[in-house]
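Contents: one structure, followed by commentary.
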Amino acid sequence: MGVWVFGSLNMDLVGRVARLPLPGETILGETFETIPGGKGANQAVAAARLGAVTSMVGRVGQDSFGQLLLQAMAAAGVRVDTVTLDATHHSGVALIAVAHSGENQIIVVPGANGAVDEADVNRFSQRLPEAQTLLLQFEIPFDAVQAAARVAHQAGVRVIVDPAPARPNLPEEFYYVIDILTPNQTEAAQLVGFEVDNVETAFRAAKRLQQRGAPIVIVKLGQAGVVVVAPDESFACPAFPVDVVDTVAAGDAFNGGLAVALDEGQSLKQAVTWASAVAAIAVTRPGAQPSMPHRHEVEAFLSHANRVGRAG
Ligand code: ATP
Ligand code: RIB
């Protein structure tokens, strides 16, 4: 039993800049790197580094990026036998600008991720008995996301959905096949139709989304932490204070950490604190997959935070 991720793999083409460009503006960058990423793959790498048996379902192109993406995942310990080589599309890429402030701008070109379909859902269905938790995001076609959530839910697998990139609405029945919905503030705002920019509005949004059928809603607020609305409790969990280098994939680190902590039997509150620590470490490091911490690093971070009284 382990964590399964059904989602995207991207090669991130990352340029570092003093500040983000304005619309229509050309600016000079400082450095350029190709770094393995993609919301699905990042969440898988996070879970694997934290010690979970982790498997990925998705597609890459038959190109050098595809090979590098598979190698990076395998090196992190993710099982990739259910990732397909797509003969007709290039591997997914993300064009990313990261400013000195840590802010970023991202354009995702889905490529092979956009070709994920029912054949991939069937591949996942055949392996359902191995899954304890399924992690989903929205960088692959929504029909495939919904079908995977449906089969997993029917099989009693915990379904955690990161509704990113943002969509303006979700079908009513989708809320009933997921266990935990984890929008960031932009995604939450799109789904509820009002601005979400602080703890109070995040609680309001989370309750609204819970009323639509998702039992647990966690709204991610960047350096303001998260708010959680669950059937028996509601609480806020502040972010750990850290020196931010690059927030790319903070949300992915959080979701990977959350899945592992819940699978290990931690309470929701403990799991959210644990996931916040995983994400806090990730924002102190550059890049997506390379920023995901190992388990011993999270344990050391939390024990230091407890000693100095900064426990989430
Ligand atoms: P991304 O799209 O970049 O993967 P996201 O927008 O989904 O991220 P965020 O809300 O930015 O998610 O961050 C997720 C979690 O990561 C936060 O709730 C918080 O716990 C942690 N985090 C993010 N930014 C910081 C920060 N500056 N300092 C400490 N922790 C942070
Ligand atoms: O969540 C971060 C990820 O979003 C990046 O790795 C990039 O690939 C985009 O998909």
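Among the candidates G257, G287, G265, which residue alone is modelled with pLDDT under 95, more than 9 Å from ligand 1 (Cβ to nearest atom) and farther than 18 Å from A202 by Cβ?
Every option except G287 fails the conditions.
Can you name every residue in segment 195-231 that is part of a loop (DSSP other than H, G, I, E, B) and either over 25 Å from V14 (Cα atoms) or more than 9 Å from ligand 1 (Cβ to nearest atom) (or both)?
Across segment 195-231, the qualifying residues are E195, V196, D197, N198, R212, G213, A214, P215, G225, A230, P231.
I'd like to verify a number: residues in segment 133-181 that are small (G, A, S), more than 16 Å from ligand 1 (Cβ to nearest atom) and closer than 26 Å to I107 by Cβ, how many?
So the answer is 2.
Any residue that is of a type in the set (K, R), closer than 26 Å to G2 by Cβ and within 16 Å of ligand 2 (Cβ to nearest atom) - is there at least one of those in segment 218-232?
Within segment 218-232, one or more residues are of a type in the set (K, R), closer than 26 Å to G2 by Cβ and within 16 Å of ligand 2 (Cβ to nearest atom).
Answer with yes or no whether S234 is over 19 Å from N42 (Cβ atoms), of a type in the set (G, A, S) and more than 9 Å from ligand 1 (Cβ to nearest atom).
yes
Suppose we keep only residues that are under 24 Å from E173 (Cα atoms) and buried (at least 22 other Cβ atoms within 10 Å of the Cβ) within segment 228-253. Which one would you say is farthest from the chain's Cα centre (by Cα)?
This residue is V229.
Cβ contacts < 8 Å: first residue in contact (Cβ under 8 Å) with a residue 40 or more places away in the chain and surrounded by 19 or more Cβ atoms within 10 Å (Cβ to Cβ), restricted to segment 65-92; second residue of a type in the set (K, R) and outside any loop (DSSP other than H, G, I, E, B), any location; separation 6+ or different chain. Result?
What qualifies is A76/R49; V83/R59.
Count, please, the residues in segment 245-254 that happen to be of a type in the set (A, V, I, L, M) and either more than 8 Å from ligand 1 (Cβ to nearest atom) or in contact with a Phe, Trp or Tyr (Cβ under 6 Å, 6 or more places away or on another chain) (or both).
Matching residues across segment 245-254 total 1.
Would you call V278 more than 10 Å from ligand 1 (Cβ to nearest atom), at pLDDT 95 or above and within 14 Å of the chain's Cα centre (by Cα)?
Taking the combined requirement at face value, the residue does not satisfy it.
Which one is surrounded by the fewest Cβ atoms within 10 Å (Cβ to Cβ), of the residues in segment 172-210 that are within 25 Å of V248 (Cβ to Cβ) and hydroxyl-bearing (S, T, Y)?
The residue in question is T186.
Mind checking which residues of segment 1-34 are under 30 Å from V157 (Cβ atoms) and at pLDDT 95 or above?
Matches in segment 1-34: G2, V3, W4, V5, F6, G7, S8, L9, N10, M11, D12.
Quick check on this structure: which one of V98, V108, V145, V57 is crowded, with 18+ Cβ neighbours inside 10 Å and either modelled with pLDDT under 95 or acidic (D, E) (or both)?
V98
Name the helices (runs of 4 or more DSSP H) wholly within segment 26-128 that hold at least 3 residues that are away from ligand 2 (no atom under 16 Å from the Cβ)?
Of the helices (runs of 4 or more DSSP H) lying wholly inside segment 26-128, those with at least 3 residues that are away from ligand 2 (no atom under 16 Å from the Cβ) span 64-76, 118-125.
For G193, are the conditions met, namely being modelled with pLDDT of 95 or more, under 22 Å from V298 (Cβ atoms) and out of contact with any Lys or Arg (no Cβ under 7 Å at 6 or more places or on another chain)?
no
Take the residues of segment 233-254 that are outside any loop (DSSP other than H, G, I, E, B) and hydrophobic (A, V, I, L, M, F, W, C): which is farthest from ligand 2 (Cβ to nearest atom)?
F235
Being under 18 Å from the mean Cα position of the chain (by Cα) and surrounded by fewer than 23 Cβ atoms within 10 Å (Cβ to Cβ) narrows it down to one residue among G51, G40; which is it?
The conditions single out G51.
So for segment 283-297 (the condition being away from ligand 2 (no atom under 16 Å from the Cβ), assigned to a helix (DSSP H, G or I), more than 17 Å from the chain's Cα centre (by Cα) and under 29 Å from T31 (Cα atoms)), does at least one residue qualify?
yes
The values are calculated or read from the model by the stated rules, or taken from the named source; none is laboratory data. This one's a predicted model, so the numbers in the text were calculated from it and none came from an experiment. Virtual Cβ from ideal backbone geometry, glycine too; neighbours counted across all protein chains shown.
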